[in-house]
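First comes the structure, then the notes that go with it.
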Amino acid sequence: MANLEARKIEELKRGFKGEILLPSDGAYESARKIWNAMIDKRPAVIARCATTSDVVRGVNFARDNNLVLAIRGGGHNIAGSALCDAGIVIDLSQMKAAHVTPDARRVTIEAGATLADLDAATQAHGLATPVGINSTTGIAGLTLGGGFGWLSRKYGLTADHLESAEVVTAAGEVIRASATEHPELFWALQGGGGNFGVVTRFEFRLHDVGPNLLSGLIVYPFADAKSVLRQYRDFALKAPDELTVWVVMRKAPPLPFLPAEVHGKEVVVFALLYAGDPTQGEALIEPIRRFGTPAGAHVGVQPYTAWQQAFDPLLTPGARNYWKSHNFTKLDDGLFDALIEFVRTLPSPHCEIFIASLGGATSRQRPDSSAYGQRDAQFLMNVHGRWESPAEDQRCISWSRELFKAAAPFASGGVYVNFMTADEGDRVRSAYGGNYERLSRVKQQYDPGNLFHTNQNITPA
């Protein structure tokens, strides 16, 4: 059996342009580490792909040898679906090439790229597509789950800007999915996760953005939480699509613009970006400065790419992470009361709660226009449990779950699939709502054997 296994591995290596890593190889230990330190799995093979043909070889190898298959993009999926035990990982993280066609306002980018890679390529031409808020996020997972960030209220989701995708199917075929080629698959890729194949290349529409935009933070003492949250709710309902303001509640990091006595204390942070003329943005954000007496503020005109990287230090790899998330159509006072109570008992200085403001262009499409069906979500809350040692696991996970439970009566029932943890498979139908049955039919067509199942899984019809 061992000889047969060795022979099979040699077959896989033949013609493989990237790197095949086995547990006996020196680079294996670092290659199996992913962003969330709670995920500790040991694949039999890690196939670091360099080309689409490498991906085809990896998919065929997994299918033909009945191996569990996991797909690793370029970023930090919370559920840890980039890894598996005893199977094969198709690792795309070395595939990052980007090509921008400025006149057509299009970018083509490989699936191992991060948002930093995409932003660098597009902003060189003063262009961008809506993506997430951490430059270390992988473009593949973000897009396949929907994708939203600072530009989404003005322009829509990342998935809404997908023009085409190169996909390796469970049968090992390379196909192009677009509105006119494999249109049902294309529809499913716009939010349906990694259920339908391995996307090796994405093509996106772009918009004129920046390069310099108004952005920054306005921080309030936690004693003012209820008052400033109520004012934020009213403000957000009237804000133009160009203005995005998110709320973060956490212990204040030692930011230089905050007085020393605030460091390490609970605060309410308003993080904002105005995707238009900065002088108009200044006038629009003035009411936020008057919600009370800020503990500090740092708002100014800076490169869009710099703001995209501003939160990266809060999401460095190697920490233990556990998230719980809800969508909301409105923000109730009862929700604010619950959040305030739980912020007072943060179990780690790294834990935080954020509320993203959606609406705008994200809500203007029909729920069935793409696999992402949560078009009614005006706000999204993520309970971001984050800590350093396994000894803190129980305390921090319990805190996250209890907060999630306390917020549930005020939520819409929907959830953003990219924020779901590994133990939330029971929420997959909630994530897709009325689109689930159609997704299940697409799954049956392109992956009837459910080869791609290490994800928030949609079962074949």
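Highest-first packing order for the peptide set 244-253, 71-80 is 71-80, 244-253, based on the mean count of other beta carbon atoms within 10 Å. Over 20 Å apart at the Cα level, from the set Lys154/Lys443; Lys324/Lys443; Lys226/Lys330; Lys226/Lys251, are Lys154/Lys443; Lys324/Lys443. Using equal-weight Cα scatterers in the Debye expression, the normalised intensity of region 87-167 in log10 at q = 0.21, 0.23, 0.27 Å⁻¹ is -0.97, -1.17, -1.58.
So what is the relative contact order of the chain, in percent, for Cα pairs below 8 Å that sit 6 or more residues apart? In percent, rounded to a whole number, it is 16. Whole-Hz Karplus values for region 197-208 come out as x, 9, 7, 9, 8, 10, 10, 10, 6, 10, 10, 5 Hz, taken residue by residue from phi with 6.51 cos²θ - 1.76 cosθ + 1.60 and θ = phi - 60°; glycine and proline positions read x. Couplings 3J(HN,Hα) of region 272-281, computed from phi: 9, 9, 10, 8, x, 4, x, 5, 5, x Hz, in residue order, whole Hz [Karplus 6.51 cos²θ - 1.76 cosθ + 1.60, θ = phi - 60°; x for Gly and Pro]. Between amide H atoms placed 1.01 Å from N, distances below 5 Å from Gln190 occur with Ala371, all of them 5 or more places distant or on a separate chain.
Estimated from helices alone, the mean residue ellipticity of the chain at 222 nm is -8000 deg cm²/dmol (sum of -39500 (n - 2.57) over DSSP H runs with n ≥ 4, per residue). Dipole of the chain computed with +1 at Lys/Arg Cβ and -1 at Asp/Glu Cβ about the Cα centre; of Gln374, His182, Gln394, farthest Cα towards the positive end is Gln394.
Applying the Karplus relation 6.51 cos²θ - 1.76 cosθ + 1.60 with θ = phi - 60° to region 225-240 yields 3J(HN,Hα) values of 3, 4, 5, 6, 5, 4, 5, 4, 4, 5, 5, 5, 5, 9, 5, x Hz, where x marks Gly and Pro. Bridgeable lysines around Lys96 (alpha carbons under 18 Å apart, same-chain partners fewer than 8 residues away excluded): Lys17.
Loop-only check: which GluC sites (Glu not before Pro) in region 128-174 are DSSP coil with at most 12 other Cβ within 10 angstrom?
Here the sparse-neighbourhood loop sites are Glu173.
Readers should treat all values here as calculations from the given coordinates under stated rules, not as data from a laboratory. This structure is a prediction, so every number in the text was calculated from the model and none was measured. With ideal geometry, Cβ positions are generated from the backbone for all residues, glycine too; neighbour counts draw on all protein chains shown.
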